[in-house]
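Structure record follows, encoded as structure tokens.
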Amino acid sequence: MTEGYAMETVPDFPMADSATLSSGMSSASSVSNGLVWAIACRAGQKPERLTDEQIARALEGGDPTTPGAWVWLHYDIVHTSTRAHIQAIPCLPEEVRLALGSTDRGTNVEAEGDIVYGALPGFDDAMSEDDKNLSAWRFAVLPTLLITTRRQPVPALGVVYRTLQRIESFDSPAEVVDYTLLEFADTVRRNIAMLDDQLDRAEDLLLTLDQHTDFGRISGLIGRVRRRSTELRRVISPVDRIFHNEDLELPEWAEDDIRDRSQRQIHAALDDLLALQDRARSLQDELASGQAEETNRRLYTVSIVTTLMLPATFVTGFFGMNTGGMFLASGAMGTVEAGGICFLFMMITWLLLKVMKLL
């Protein structure tokens with residue numbers, strides 16, 4: 001699994017023409033149907049690319065060409081022609097076909113008979129971990145057939161494909177769903193680790209709080225963490241609820257594979273995410289306290305200066321009255337004497353503040 005992470009930003013299956021499919025599949029048909037890859041998988045063997053005839057037989061519900069194998073068809077549904085092609089798959093009920101061609105980003109898992117279908121979250125093929133957007137991929141899985149669709153390349157599906165190329169096949173197509181969810185959960189936890197590092201930087205700045213502290217930078221760090229963690233939680237929470245939904249009755253052949261490791265990893269990622277959000281809220285409260293303390297300190301300084309200037313304001317106002325008999329009006333040192341009176345009153349005010357322990 002670790003090897004695939006280095007290639008997460010590579011599209012699911014870098015295929016630009018029909019050479020990556022079987023020699024029997026024409027370029028025109030692969031483009032019109034939106035087929036990204038079509039393979040038959042068997043434990044201990046490399047996947048076998050399917051021809052047009054084999055794909056048609058698989059979509060009609062026929063048995064795979066190799067005994068003990070299962071088929072995986074992966075579609076890009078960005079074009080309406082692809083969605084029309086999916087709506088014509090004969091082996092699937094109408095509601096399953098509609099789910100595969102849907103463009104909604106909602107998350108759900110349903111079961112009908114031996115078919116398990118729905119939509120699960122994934123990250124798109126962004127250039128870095130920081131700007132990965134969340135998307136959705138859809139699936140319909142039967143005992144010997146897996147059909148997946150997506151609108152944007154989903155790196156987790158590409159990781160599974162490359163795993164199959166290393167002759168690390170799965171016993172059933174349901175294991176592909178489980179493995180893809182494991183990749184998604186692992187990517188989420190790496191995102192959480194990066195967000196936690198950003199909170200560490202914000203916490204370091206808060207612990208070294210002084211008059212030169214940049215509160216705007218700290219607020220920006222915490223804001224980005226809270227925004228990203230909220231996005232992740234909105235996606236992970238529905239998946240976790242799906243796994244704990246007692247009304248969801250999966251077929252016996254898929255019960256253990258789909259509700260195996262991925263359920264524990266998704267729940268663990270959600271727990272980590274909730275802990276991250278609690279820490280971000282605590283730092284936000286501490287930041288608000290620091291900002292309030294800094295504001296109070298500045299207001300205190302302004303109040304002291306204003307208080308000290310009150311006597312001088314009174315003296316200047318008094319001497320500014322245009323009335324007769326104003327003393328010091330006739331002397332040559334009247335201005336200096338008035339200034340001394342202002343200073344004397346300021347010192348008296350300062351001493352009074354000291355005595356009352358207001359300074």
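The values are calculated or read from the model by the stated rules, or taken from the named source; none is laboratory data. As the structure is a prediction and not an experimental result, all values here were calculated from the model. Every residue, glycine as well, gets a Cβ built from its backbone with ideal geometry; the counts of neighbours run over all protein chains shown. Ligands, DNA and RNA are excluded from the accessible area calculation, which covers all protein heavy atoms including side chains. Shrake-Rupley method; radii C 1.70, N 1.55, O 1.52, S 1.80 Å.
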Could you tell me the distance between the Cα centroids of the range 172-207 and the range 76-100, to the nearest Å? 32 Å
Probe 1.4 Å, all protein chains in place: accessible area of ASP278 in Å², nearest 10? 80 Å²
In Å², nearest 10: area of ARG297 left accessible to a 1.4 Å probe: 100 Å²
Roll a 1.4 Å probe over the protein heavy atoms and report the accessible area of MET333 in Å², nearest 10. 110 Å²
Sparse-neighbourhood loop sites, GluC sites (Glu not before Pro) in the range 42-122 - DSSP loop, at most 16 other Cβ within 10 angstrom: GLU60
